[in-house]
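S.K.: Dropping a structure here in structure tokens format, bear with me for questions.
The values are calculated or read from the model by the stated rules, or taken from the named source; none is laboratory data. Quick caveat, the model's predicted, so the values are computed rather than measured. Note: ideal-geometry Cβ built from the backbone for every residue, glycine included; neighbour counts use all protein chains shown.
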Amino acid sequence: MRRRLRFGLMLLALSAGWALAGAPKPFAADTPAELAKRFAGKPYLLAFWSVDCPHCQGELELFARLLRERPDLPVSLVSVDAPELAPQVAARLAELGLGDADNWQFADARAARLRFAIDRQWRGELPRSYWFDAAHRVQGVSGAVSEAALRRWLELGLD
Amino acid sequence: MVRRLLLIAALAVGWAQAAPPKHDMAAMWSAQQAVARPLAVAAAFDGAGRLWLARVESGQLKVAQSEDSGRHFTWPVTVNALPETIAAEGESRPQIAVAADGTVHVLWNIALAKPYTGHVRYSRSTDGGRSFSAPITVNDDRAEISHRFPALLVAGQRVLIAWLDARERQAALAAGEKFAGASLYVTESTDGGASFGANRRVAAHSCECCRLAVAWRGNEAMAFWRQVFDGNVRDFALADLSEPEQLMRASDDDWHIDGCPHHGGALAADGQGGLHLVWFTQGRARQGLFYRRYDRQSFSAPYKFGNDAAQAAHPAVIASGRTITVAWLEYDGQANRVWTMQSRDGGRHWAQARSLASSEGTVDYPILLARQGKPWLVWHSEREGLQAMAVVQ
């Protein structure tokens, strides 16, 4: 019992430590449904990136800029990097000033499994984003998001 | 847990885990980087039907051979005594080739400290794989930029190494100009890998992070890769590595993407002048996996294969005369599966695809090899270790 309590406390301490460090939340197979519930009746955007994707970095900079302008932007950033790359992911987000964004990271090294939960056809090309309208009709986009497209979407869908 | 799985995988292919050597901090860092599930392996059959395998363990490339097509392997021989940060995942793949005289050539990529940078490293064994030469860095530009995704072609004393090189991109950026993609570079040895000629550019504006595919068409060293065409269209190109700036467009998919597909194609030559290409695209013209043949005059129409709703990806191809074999990876919601399909008439008609192997853990790409003229599938997965099997359709 005591051991279990100690274990529980340790877990609590660990998760608190993670939260303090601004580490991304684990993105699991049921996370897409969770996000859909959170943004019920509202448009939102899911943007996938990785530390080894050069084209993702410019897009992250764009999100950093827009989030400074509008901290309530309904954008969730998801790193597809394997769980053991958590330090690199957190470092990159901190560097870009994105530590406070709605950050997620793939919780399973079997990326195909998590991609399948989002979109069966997505082969893993990056950056990849999913644009949900208020009725949660979705459009998947491969390649960096342009600022113009993003601002247009913001004006149409959010104001 | 992962470590235990890796150990089981290692044992399954008859390898024993060597005790990690003592390192200083830098070496530890690099070993740590390199240990991150180095699933990408290289394999080749030699003329006698022996299977050679190169894989990465704790920053060291290790080479072993199997007399029984992968059931048992010899104790692995370390290529690089000093651990390096070897990139061996997905598109970054070590390479191995065995020449007719028994020389074993190996090639790999090390990651440098800066993201997206690397050097190409080469070594060879002239004593049947008992020992390897001191590794050399192949790229003569030593800036901390990208020299990555190397490919290897060996025939007799000729050894060609091709890779994607960012030196021109770097120069352009330094001059305040834009540069789409990277460049395709090559160097050639005519003395069995003892020495290499100067680095030469084959083409500018390759896509930056898609693996290269190479094959011999007679004496011509052919390469097939994703190129950045006008308007950021990332379709495929074909070229003879010995003829600079002569690339030919090999697919017209019209995939406009400001991003990296991380998804190279594969190439096979059939010994009768025909080339066989497989690739992935999400272009405006077509989407999915495709096969086409090139016979010097014309390309056949792209033939679609694989299940788009199961992420069909990472195709491989091998040709033995008129028998063409294609393999690819799918994920069906439960397991990763390797599918194969075969043509008996040089790629004109295809028999129904079959699933040959599956795994529920993390997996490498399928590798197709010729074992004494017959197609073989080699597949490395975290849970099952290395599997090798003849492709019988």
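S.K.: For A:LEU114, state whether it is part of a helix (DSSP H, G or I), surrounded by 20 or more Cβ atoms within 10 Å (Cβ to Cβ) and either within 14 Å of chain B (Cβ to nearest Cβ) or of a type in the set (A, V, I, L, M, F, W, C) (or both). Before you say what the answer is, go through the steps one by one.
M.R.: Values: part of a helix (DSSP H, G or I): yes; surrounded by 20 or more Cβ atoms within 10 Å (Cβ to Cβ): yes; either within 14 Å of chain B (Cβ to nearest Cβ) or of a type in the set (A, V, I, L, M, F, W, C) (or both): yes.
The answer is yes for A:LEU114.
Okay, residues lined up against (1) within 14 Å of chain B (Cβ to nearest Cβ); (2) in contact with a helix residue (DSSP H, G or I) (Cβ under 9 Å, 6 or more places away or on another chain):
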| site | (1), (2) |
| --- | --- |
| A:TYR44 | no, yes |
| A:PHE48 | yes, yes |
| A:ARG70 | no, yes |
| A:SER76 | no, yes |
| A:PRO87 | yes, no |
| A:ALA94 | no, no |
| A:ASP100 | no, yes |
| A:ASN103 | no, yes |
| A:ARG110 | yes, no |
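S.K.: Search the range B:254-270 for residues being surrounded by 21 or more Cβ atoms within 10 Å (Cβ to Cβ) and not small (Gly, Ala, Ser), and hand back the single one that is farthest from the other protein chains (Cβ to nearest Cβ).
M.R.: If we filter the range B:254-270 for residues that are surrounded by 21 or more Cβ atoms within 10 Å (Cβ to Cβ), which is where we start, we get B:255, B:257, B:259-268, B:270.
From what is left, the residues that are not small (Gly, Ala, Ser) are B:255, B:257, B:260-263, B:267, B:270.
Working: B:TRP255: 9, B:ILE257: 4, B:CYS260: 6, B:PRO261: 4, B:HIS262: 6, B:HIS263: 6, B:LEU267: 19, B:ASP270: 28 Å.
It comes out as B:ASP270.
S.K.: Now, a different point. Only one of these conditions is not met by B:ARG354: (1) away from chain A (no Cβ under 14 Å); (2) touching a Gly at 6+ places or on another chain (Cβ under 9 Å). Which number is it?
M.R.: Checking B:ARG354 against (1) away from chain A (no Cβ under 14 Å); (2) touching a Gly at 6+ places or on another chain (Cβ under 9 Å), the one that fails is (2).
S.K.: Further, regarding this structure: Looking only at the range B:113-161, how many residues end up being more than 14 Å from chain A (Cβ to nearest Cβ), basic (Lys, Arg) and within 29 Å of B:GLU220 (Cβ to Cβ)? Don't jump to the end; show me each part of the working.
M.R.: Step one: filter the range B:113-161 for residues more than 14 Å from chain A (Cβ to nearest Cβ), giving B:119-144, B:147, B:150-161.
Going one step further and asking which of them are basic (Lys, Arg), we end up with B:121, B:124, B:130, B:142, B:158.
Filter once more, so that each one left must be within 29 Å of B:GLU220 (Cβ to Cβ): B:121, B:124, B:158.
Total satisfying the criteria: 3.
S.K.: Okay, next question. Report the residue count in the range B:271-288 for those that are out of contact with any Leu (no Cβ under 9 Å at 6 or more places or on another chain) and within 14 Å of chain A (Cβ to nearest Cβ).
M.R.: Within the range B:271-288, residues that are out of contact with any Leu (no Cβ under 9 Å at 6 or more places or on another chain) and within 14 Å of chain A (Cβ to nearest Cβ) number 6.
Quick grid of which residues meet (1) buried (at least 20 other Cβ atoms within 10 Å of the Cβ); (2) out of contact with any Gly (no Cβ under 7 Å at 6 or more places or on another chain):
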{"position": "B:VAL63", "(1), (2)": "yes, no"}
{"position": "B:SER66", "(1), (2)": "yes, yes"}
{"position": "B:ARG71", "(1), (2)": "no, yes"}
{"position": "B:PRO76", "(1), (2)": "yes, yes"}
{"position": "B:ALA81", "(1), (2)": "no, yes"}
{"position": "B:ALA88", "(1), (2)": "yes, yes"}
{"position": "B:SER92", "(1), (2)": "yes, yes"}
{"position": "B:GLN95", "(1), (2)": "yes, yes"}
{"position": "B:VAL98", "(1), (2)": "yes, yes"}
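S.K.: Is it true that some residue in the range A:65-72 is in contact (Cβ under 8 Å) with a residue 12 or more places away in the chain, out of contact with any strand residue (DSSP E or B) (no Cβ under 6 Å at 6 or more places or on another chain), surrounded by 13 or more Cβ atoms within 10 Å (Cβ to Cβ) and not in a helix (DSSP H, G or I)?
M.R.: For the range A:65-72, residues in contact (Cβ under 8 Å) with a residue 12 or more places away in the chain, out of contact with any strand residue (DSSP E or B) (no Cβ under 6 Å at 6 or more places or on another chain), surrounded by 13 or more Cβ atoms within 10 Å (Cβ to Cβ) and not in a helix (DSSP H, G or I): absent.
S.K.: I've got another one for you. Which of the residues that make up the range B:209-223 are over 19 Å from B:ASN199 (Cα atoms) and in a strand (DSSP E or B)?
M.R.: Once the filter is applied, which keeps residues that are over 19 Å from B:ASN199 (Cα atoms) and in a strand (DSSP E or B), the range B:209-223 yields B:ALA215, B:TRP216, B:ARG217.
S.K.: Additional query: Of the numbered conditions (1) within 22 Å of A:ALA109 (Cα to Cα); (2) surrounded by fewer than 22 Cβ atoms within 10 Å (Cβ to Cβ); (3) not charged (D, E, K, R), B:SER355 fails exactly one; give the number of that condition.
M.R.: The single condition B:SER355 does not satisfy is (1).
S.K.: If you take the residues of the range A:119-148 that are more than 11 Å from chain B (Cβ to nearest Cβ) and not in a strand (DSSP E or B), which of them is farthest from A:LEU62 (Cα to Cα)?
M.R.: A:ALA135
S.K.: Looking only at strands (runs of 3 or more DSSP E) that fall completely inside the range B:35-112, which ones have 1 or more residues that are within 14 Å of another protein chain (Cβ to nearest Cβ)? It would help to see each step written out before you state the result.
M.R.: Working: elements: B:42-45, B:51-57, B:60-66, B:95-98, B:104-111.
Of the strands (runs of 3 or more DSSP E) lying wholly inside the range B:35-112, those with at least 1 residues that are within 14 Å of another protein chain (Cβ to nearest Cβ) span B:104-111.
S.K.: Can you list residue pairs whose Cβ atoms sit under 6 Å apart, with the first residue in the range B:361-383 being more than 14 Å from B:VAL317 (Cα to Cα) and the second being acidic (Asp, Glu)? Count only pairs 6 or more apart in sequence or on different chains.
M.R.: Note: pairs meeting the criteria are B:GLY361/B:GLU382; B:THR362/B:GLU382; B:HIS380/B:ASP364.
S.K.: Another question about this same structure. Where residues in the range B:289-328 are crowded, with 18+ Cβ neighbours inside 10 Å and more than 22 Å from the chain's Cα centre (by Cα), which of them is farthest from the other protein chains (Cβ to nearest Cβ)?
M.R.: Result: B:TYR303.
S.K.: Given the residues B:ALA194, B:ALA223, which is the only one that is at negative phi, crowded, with 19+ Cβ neighbours inside 10 Å and more than 14 Å from chain A (Cβ to nearest Cβ)?
M.R.: On the way: B:ALA194 fails: crowded, with 19+ Cβ neighbours inside 10 Å.
Every option except B:ALA223 fails the conditions.
Residue by residue, here is whether (1) modelled with pLDDT under 95; (2) of a type in the set (Gly, Ala, Ser) holds:
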{"site": "A:GLU84", "(1), (2)": "yes, no"}
{"site": "A:GLN88", "(1), (2)": "yes, no"}
{"site": "A:ARG92", "(1), (2)": "yes, no"}
{"site": "A:LEU98", "(1), (2)": "no, no"}
{"site": "A:ASN103", "(1), (2)": "no, no"}
{"site": "A:ALA107", "(1), (2)": "no, yes"}
{"site": "A:TYR130", "(1), (2)": "no, no"}
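S.K.: Pairs under 6 Å by beta carbon, first residue of a type in the set (A, V, I, L, M) in the range B:81-99, partner outside any strand (DSSP E or B), six or more apart or different chains?
M.R.: B:ILE86/B:ALA34; B:ILE86/B:GLY59; B:ALA88/B:PRO38; B:ALA88/B:ALA40; B:ALA88/B:PRO94; B:VAL98/B:ASP46
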